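Novice: Can you keep this structure in mind? I'll have questions shortly.
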């Protein structure tokens with residue numbers, strides 16, 4: 001993002017006074033919209049728009065009994081394989097596409113980092129059939145990981161059977177940026193370019209961490225890092241409530 | 001420096017292009033192998049619970065700086081190239097963006113490096129790209145990139161053998177290579193990893209002996225001791241973890257990071273008398 005030094009200083013100084021450039025509180029999210037079941041060929045789909053950040057997620061479940069039989073190594077017929085009650089556990093496969101933003105190296109790096117983060121988010125999730133999560137970024141104004149995780153988890157909630165969901169809680173990301181001495185949540189693109197360091201936590205609906213990483217070109221003290229993790233967990237629990245209510249309303 | 005021999009030379013068919021000397025004529029074959037007693041002779045052998053680091057610098061001749069670290073059986077080699085012309089893209093602002101050097105990190109496992117995964121592909125996969133961006137985010141806080149405007153520094157990190165604790169060893173090795181290249185840094189960045197198998201309660205320091213199997217959670221912390229700041233932290237969870245467990249694991253990582261910092265610093269100070277530049281100044 002092209003920002004001059006005075007603009008950067010302006011954003012920095014106003015965040016120190018707990019004023020963000022769009023008038024939000026430091027720990028407030030933007031207006032978010034969640035739409036479900038947009039795509040007809042996907043098992044489930046969701047679209048989240050968080051400000052100008054727009055993410056479309058499609059979840060496809062490959063329930064091909066022939067493929068499952070081959071993977072189990074059974075020599076019986078397809079019917080016998082389907083009758084077997086051993087679920088082969090597959091990890092969730094994630095793909096992020098940022099081609100709507102352009103084809104430059106920055107966009108590719110954004111897509112790579114998002115894919116690495118989201119793959120680690122769903123690492124603990126195991127499904128009996130292969131599940132492919134495809135994330136398409138339609139617009140970007142900061143906070144890609146939170147929006148993508150909301151959309152992917154909402155779509156997975158629709159796609160996966162209830163028995164699987166009750167055993168494994170679906171996680172969400174919360175990214176906390178540090179600008180000077182203030183923490184902010186849901187940074188837009190201008191604030192992201194001013195932030196020194198950020199902590200991204202992946203939290204399931206029980207408040208436990210499934211992923212945690214610091215990023216950015218700045219360093220943090222231990223206490224700051226711990227505070228940011230705690231803030232991230234709190235915000236992620238708030239997101240979980242909102243998403244659960246929205247998805248329940250649709251069902 | 002490289003001798004130019006004509007191709008059709010009637011001499012003995014020796015391998016003249018292999019550099020057998022590392023620093024000031026020390027023969028590679030005379031170096032102790034990992035598993036023997038490490039370089040400082042006062043340290044004990046395998047009686048100590050934690051394995052020692054083995055540092056070596058200037059291993060690669062044609063680079064600005066290079067470092068090689070062995071931690072147990074894990075071996076990592078880093079080389080630094082630059083400063084060179086910066087990568088220009090359409091979005092790069094000519095003014096502010098080029099007031100600092102760009103740091104580009106490449107991370108690769110050698111095809112024979114992995115014990116568990118068999119042969120690794122020669123194209124970087126997702127884990128390696130993630131490790132490269134982690135290294136970049138970890139080393140950038142410590143490097144004085146503003147001292148080298150309008151330039152690019154490339155750091156190539158090659159893992160020769162991965163027997164556990166690979167990412168932390170790569171951070172240590174990259175730091176050593178950057179110091180060897182003479183780049184100004186605020187502080188040495190050292191890293192350590194603790195891991196915990198699924199269902200266990202205690203975090204254990206991960207050492208390079210191949211004992212860590214795939215099914216355990218790990219927390220890697222990169223720490224700058226003198227500044228007392230965390231340069232990077234990465235959690236790979238095999239099961240959901242409580243936030244206070246993650247904070248506790250980070251605290252446990254602090255001591256090994258400090259010890260690695262001391263031993264790296266001592267190694268660099270010991271290298272000084274053999275350094276050509278210091279001898280010329282003196």
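Each reported figure results from applying straightforward, stated rules to the coordinates on display, with no laboratory input. For clarity, every value in this text was computed on a predicted model and none was experimentally measured. Backbone-built Cβ (ideal geometry, glycine too); neighbour counts: all protein chains shown.
Novice: Hey, how many Å between the Cα centroid of the range A:199-238 and the Cα centroid of the range A:89-145?
Specialist: 20 Å
Novice: Additional query: Among A:133, A:210, A:59, whose mean-square fluctuation peaks in a Gaussian network model of chain A (Cα, cutoff 10 Å)?
Specialist: A:210
Novice: Using Cα springs under 10 Å in a Gaussian network model of chain A, which residue among A:216, A:142, A:104 shows the largest mean-square fluctuation?
Specialist: Residue with maximal mean-square fluctuation among A:216, A:142, A:104: A:104.
Novice: For the range A:79-198, what class follows from the C-alpha gyration tensor (a ≥ b ≥ c being the square roots of its eigenvalues): rounded when a/c is under 1.5, otherwise prolate if a/b is larger than b/c, else oblate? List each step's numbers first, then the result.
Specialist: Working: a/c = 3.10, a/b = 1.99, b/c = 1.56.
Since a/c reaches 1.5 and a/b is larger than b/c, the shape of the range A:79-198 is classed as prolate.
Novice: Taking the Cα centroid of the range A:1-51 and of the range B:234-257, what is the distance between the two, rounded to the nearest whole Å?
Specialist: That distance is 29 Å.
Novice: Indicate the gyration tensor shape class of chain A (rounded, prolate or oblate), computed on the Cα atoms with a ≥ b ≥ c the square roots of the eigenvalues: a/c under 1.5 is rounded; otherwise a/b larger than b/c is prolate and the rest oblate. Walk me through the intermediate numbers first.
Specialist: Values: a/c = 2.22, a/b = 2.03, b/c = 1.09.
The shape class here is prolate.
Novice: Report, in deg cm²/dmol and to the nearest 500, the calculated mean residue ellipticity at 222 nm for chain A, where each DSSP H run with n ≥ 4 adds -39500 (n - 2.57) and the sum is divided by the residue count.
Specialist: Mean residue ellipticity at 222 nm (helix-derived): -12500 deg cm²/dmol.
Novice: Another one. What whole-number distance in Å separates the alpha-carbon centres of the range B:152-217 and the range B:96-144?
Specialist: After rounding, the separation between the Cα centres reads 12 Å.
Novice: Could you give the length gained on full extension between residue A:181 and residue A:97, defined as 0.36 nm per residue of separation minus the Cα-Cα distance, in nm? Mind dumping the intermediate values first?
Specialist: On the way: separation 84, 0.36 × 84 = 30.24 nm, distance 3.40 nm.
Length difference between fully extended and current span is 26.8 nm.
Novice: Using a Gaussian network for chain A with springs between C-alpha atoms less than 10 Å apart, which of these wobbles most: A:50, A:125, A:144?
Specialist: Per the Cα network of chain A with a 10 Å cutoff, A:125 tops the list.
Novice: I want to check the label-to-label distance for residue B:226 and residue A:31. Put each point 7 Å from Cα in the C-beta direction and report it in nm to one decimal.
Specialist: For residue B:226 paired with residue A:31, the spin-label model returns 5.2 nm.
Novice: What is the range B:130-262 by shape, rounded, prolate or oblate, if you read a ≥ b ≥ c off the alpha carbon gyration tensor as root eigenvalues and call it rounded for a/c under 1.5, prolate for a/b larger than b/c, and oblate otherwise? Kindly include the intermediate steps, with their values, before the conclusion.
Specialist: Numbers: a/c = 2.16, a/b = 1.76, b/c = 1.23.
The shape class here is prolate.
Novice: While we're on this one: Quick one: angle between helix A:144-159 and the longest Cα principal axis of chain A, in degrees between 0 and 90, rounded to 10, please.
Specialist: So the helix axis and the longest Cα principal axis differ by about 20 degrees.
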